[in-house]
1. Give just the number: which of (1) closer than 18 Å to PHE34 by Cβ; (2) surrounded by fewer than 15 Cβ atoms within 10 Å (Cβ to Cβ); (3) touching a residue at least 60 places away in the same chain (Cβ under 8 Å) does GLU46 not satisfy?
2. Taking the range 36-48, which residues are within 13 Å of the chain's Cα centre (by Cα) and in a strand (DSSP E or B)?
3. Output the residue which, of all residues in the range 49-75 that are of a type in the set (Val, Ile, Thr) and surrounded by fewer than 19 Cβ atoms within 10 Å (Cβ to Cβ), is nearest to LYS140 (Cα to Cα).
4. With ASP152, ASP106, ASP117 as the choices, which residue is of a type in the set (Asp, Glu) and not in a helix (DSSP H, G or I)?
5. Would you confirm, using the coordinates I've provided, whether ALA81 is buried (at least 20 other Cβ atoms within 10 Å of the Cβ), at negative phi and modelled with pLDDT of 80 or more?
6. Here are some conditions: (1) surrounded by fewer than 16 Cβ atoms within 10 Å (Cβ to Cβ); (2) part of a strand (DSSP E or B); (3) polar (S, T, N, Q). THR86 meets all but one. Which one does it not meet?
Amino acid sequence: MRYSSVFCALWFFFGGLFSGSTLWAADLIGESSFAEVVSVAQQFGEAKLVTEKGNEPYFEGKINDILYSGLFRDCNDEHSACTTLTLRAVYEVEGAQLPKINEHNDTTKCGKLYLSDNNQYLVFDYFLTLEGGLSQTNLKSAFEWFVLGLKDVNQVLSNGQSLGHRLGQSILEKARERLR
């Protein structure tokens, strides 16, 4: 009787351990979980998944009147699994100063800010790896950091100018094409 009790205890311990890790792995948002990423994005505002045959999937969204895109990168040949997600906001600006952008990048722990090649757009990128998967909690936290980064971008311009978050869709599309 004693052996069977030990056996049952070990069975439940190891069974629980392995089934728990299986459940944990199943809860991860992985490299092909595009709809799940968009679902988390929708907790922060509008978001819509766009898939075009032969192209990497992406989504477009709006947080606090700021248009942004989520670009799935480093995809397999079928574009069905991607290991990198770039959250990107593009601003049409005048007067952005490189020293302030550099200072922002040196002092801010979330995202990267830079000018486009033609200096017409200020781009804020936040990179995430999907390799190995992310928990819902980690992805939600990443979006919270992205939102904080969007708020910080306003401080980059001189003379207290606002960046004008409300970009028209055509500006966003032009910028996305230039930056792909």
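1. It is condition (3) that GLU46 fails.
2. Of everything in the range 36-48, just one residue is within 13 Å of the chain's Cα centre (by Cα) and in a strand (DSSP E or B), namely ALA47.
3. Going residue by residue through the range 49-75, those that are of a type in the set (Val, Ile, Thr) are 50-51, 63, 66.
Filter once more, keeping what is surrounded by fewer than 19 Cβ atoms within 10 Å (Cβ to Cβ): 50-51.
Details: VAL50: 20, THR51: 22 Å.
Once the filter is applied, the top-ranked residue is VAL50.
4. Details: ASP152 fails: not in a helix (DSSP H, G or I); ASP106 fails: not in a helix (DSSP H, G or I).
It is ASP117.
5. Values: buried (at least 20 other Cβ atoms within 10 Å of the Cβ): no; at negative phi: yes; modelled with pLDDT of 80 or more: yes.
No; evaluated as a whole, the condition is false for this residue.
6. Only one criterion is unmet by THR86, namely (1).
The values are calculated or read from the model by the stated rules, or taken from the named source; none is laboratory data. Since we're looking at a predicted model, the values are computed, not measured. Don't worry about glycine lacking a Cβ; one is built from the backbone with ideal geometry, like all the others, and counts go over all protein chains shown.
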